[in-house]
Amino acid sequence: MQKIVVEGGAPLNGEVRISGAKNAVLPILCATLLADGLVTLRNVPHLHDVHTTARLLAELGARVGDGGPGVVTVDPTTVNSHVAPYELVKTMRASVLVLGPLLAKYGHAEVSLPGGCAIGSRPVDLHIKGLQSLGAQISVENGFIKARADKLRGARHVFDIVSVGATENVLMAATLAQGRSVIENAAMEPEIVDLAECLIAMGANITGAGTGRIVVEGVDRLHACEHSVVADRIEAGTFLVAAAMTGGRVTITHARPDTMDAVLDKLRDAGAELDCDGDRITLDMKGRRPKSVDITTMPHPGFPTDMQAQFMALNCVADGVGVINETIFENRFMHVNELLRLGADIRVDGHTAVVRGVPRLSGAPVMATDLRASASLILAGLVANGTTTIDRIYHLDRGYENIEQKLSGLGAKISRIG
Ligand code: EPZ
């Protein structure tokens, strides 16, 4: 099994290009099922989850092509199955996002229940309720979500909990429903805006994406289109935290600062100097130790839960005490035990972690437990004395494109072995 080895102590300096967003390209790949022609996607990151979704689309009969570096084409006109199998869905919960498109386009979908994952039970009840609002008949049998609808009808649906995936499933289904749909208490993540922009390029009639109220006027069909995937704000935030922790000066390019307000503000609170210029963000922490920051994760535009583990790593070596409240997922502190192995001082009480900064961490073998936890362990290894070896890095490859090459390019002493 592959591992990542990090030698701590080197400040990061230089420039790094941000890739397309995993959490935008996954729903957008599912949305291609709605089109009646070829969809060409650019700025697609080279990630394991992208390959898994491509395999799922191929399993449904779509033709997925490699259009060159960062370009994926999907021809959905050859779809001949509406069943997403357990073998694929169990490896990636985002597979549930084919439910809305298949239901809207073909009136039938069977998607294996995704099951939980390390960070929580991750139910799909909100997806099911939202699609039922549009007139779908849905049952859960033998581990499968079985959905049918002669023709979805536009409706007003109010989500009682903000859910990114459920908002995406209902938004995609509503594009081909008969009449108007209004989605209230919708998630406002930038990835939903990007999905909506791709759907509009296909001919969908959507207003309000990025706000809590999305209005969709159903259309009869959606056509071929081209779309470039939005920059990954979580990858961008991860590299900026790495620069802040190591006391370096890093410029990230091809980013979208306008999608990162909460993270950029928190980095300023930690003492970083930030300069945003178009798609470039420069963070300067030259030789300074970060200050501890308090974090409470919230739906966008609040502080993103996907950046919680990375800021916990920063707090581990910051000056002061930082309090972290994780409000989105019930079990997203799996990285704490591994950070403790590196010498961190963290006290967890339920959904709250109190992190007392220590001058130095000390390298040790640790184990990745989920995608963002893996990133936080690499960040900690960058500032720990000696060698940190991170096991189970398949978690990392799900969501970060060539992370060790990108970090090496900034001066990190990092390599992959095995
Ligand atoms: C998306 O997951 C992201 N994944 C997650 O990123 C991200 O952490 C999360 O949104 C929150 O921002 C993708 O976009 C592929 P939710 P999603 O539905 O849609 C509960 C990463 O690291 N809930 O917004 O699954 C749920 O349990 C990943 O890139 C229900 O109760 O998240 C959670 O507590 C991790 N019932 C809360 O809502 C449902 O039907 C928010 O989850 C659905 C969700």
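Restricting the search to helices (runs of 4 or more DSSP H) fully inside segment 86-181 and requiring at least 2 residues that are closer than 21 Å to Ile328 by Cα gives 125-133, 164-174.
Return only the number of the condition from (1) open to solvent by 20 Å² or more (accessible area, probe 1.4 Å); (2) within 16 Å of the ligand (Cβ to nearest atom); (3) in contact (Cβ under 8 Å) with a residue 24 or more places away in the chain; (4) not hydrophobic (A, V, I, L, M, F, W, C) that Glu191 does not satisfy. Every condition holds for Glu191 apart from (1). Does any residue of segment 204-225 turn out to be modelled with pLDDT of 95 or more, over 19 Å from the mean Cα position of the chain (by Cα), in a helix (DSSP H, G or I) and away from the ligand (no atom under 16 Å from the Cβ)? Looking for residues that are modelled with pLDDT of 95 or more, over 19 Å from the mean Cα position of the chain (by Cα), in a helix (DSSP H, G or I) and away from the ligand (no atom under 16 Å from the Cβ), one finds none in segment 204-225, hence no.
Any residue that is without any contact (Cβ under 8 Å) to a residue 12 or more places away in the chain and away from the ligand (no atom under 16 Å from the Cβ) - is there at least one of those in segment 39-62?
Our first condition is that a residue be without any contact (Cβ under 8 Å) to a residue 12 or more places away in the chain; within segment 39-62, this holds for 51, 58.
Remaining after also requiring away from the ligand (no atom under 16 Å from the Cβ): 58.
Taking every residue of segment 39-62 in turn, at least one turns out to be without any contact (Cβ under 8 Å) to a residue 12 or more places away in the chain and away from the ligand (no atom under 16 Å from the Cβ).
Taking the residues in segment 49-83 that are part of a strand (DSSP E or B) and at pLDDT 95 or above as candidates, determine which candidate is surrounded by the most Cβ atoms within 10 Å (Cβ to Cβ). Spell out how you get there, then give the answer.
From segment 49-83, those part of a strand (DSSP E or B) are 63-66, 72-75, 83; that's our starting set.
Add one more test, that the residue is at pLDDT 95 or above, and what stays is 63-65, 72-75, 83.
Working: Arg63: 14, Val64: 18, Gly65: 13, Val72: 23, Thr73: 17, Val74: 26, Asp75: 18, Val83: 16.
Looking at the filtered set, the residue picked out is Val74.
Each residue in segment 360-402 was checked for being over 20 Å from Glu326 (Cα atoms), at pLDDT below 95 and of a type in the set (A, V, I, L, M, F, W, C), and 2 of them qualify. Close contacts from segment 385-413, counting a first residue that is under 26 Å from Val25 (Cα atoms) and a second that is open to solvent by 40 Å² or more (accessible area, probe 1.4 Å) and in a strand (DSSP E or B), with Cβ to Cβ under 6 Å and a gap of 6+ residues or different chains, come to Arg392/Met367; Glu404/Arg416. Taken together, the residues in segment 369-388 that are of a type in the set (Gly, Ala, Ser) and surrounded by fewer than 24 Cβ atoms within 10 Å (Cβ to Cβ) amount to 1. Filtering segment 293-309 to residues that are away from the ligand (no atom under 11 Å from the Cβ) and of a type outside the set (Val, Ile, Thr) leaves Asp294, Pro301.
Checking each residue in segment 307-331 for being within 15 Å of the chain's Cα centre (by Cα) and either surrounded by fewer than 24 Cβ atoms within 10 Å (Cβ to Cβ) or among the hydroxyl-bearing types (Ser, Thr, Tyr) (or both) picks out Ile328, Phe329.
The values are calculated or read from the model by the stated rules, or taken from the named source; none is laboratory data. These figures come from a predicted structure and were not determined experimentally. Positions of Cβ are generated from backbone atoms using ideal geometry, with glycine treated the same way; all protein chains shown enter the neighbour counts. Side chains are part of the model used for accessible areas, which takes the heavy atoms of the whole protein and leaves out ligands, DNA and RNA. Shrake-Rupley method; radii C 1.70, N 1.55, O 1.52, S 1.80 Å.
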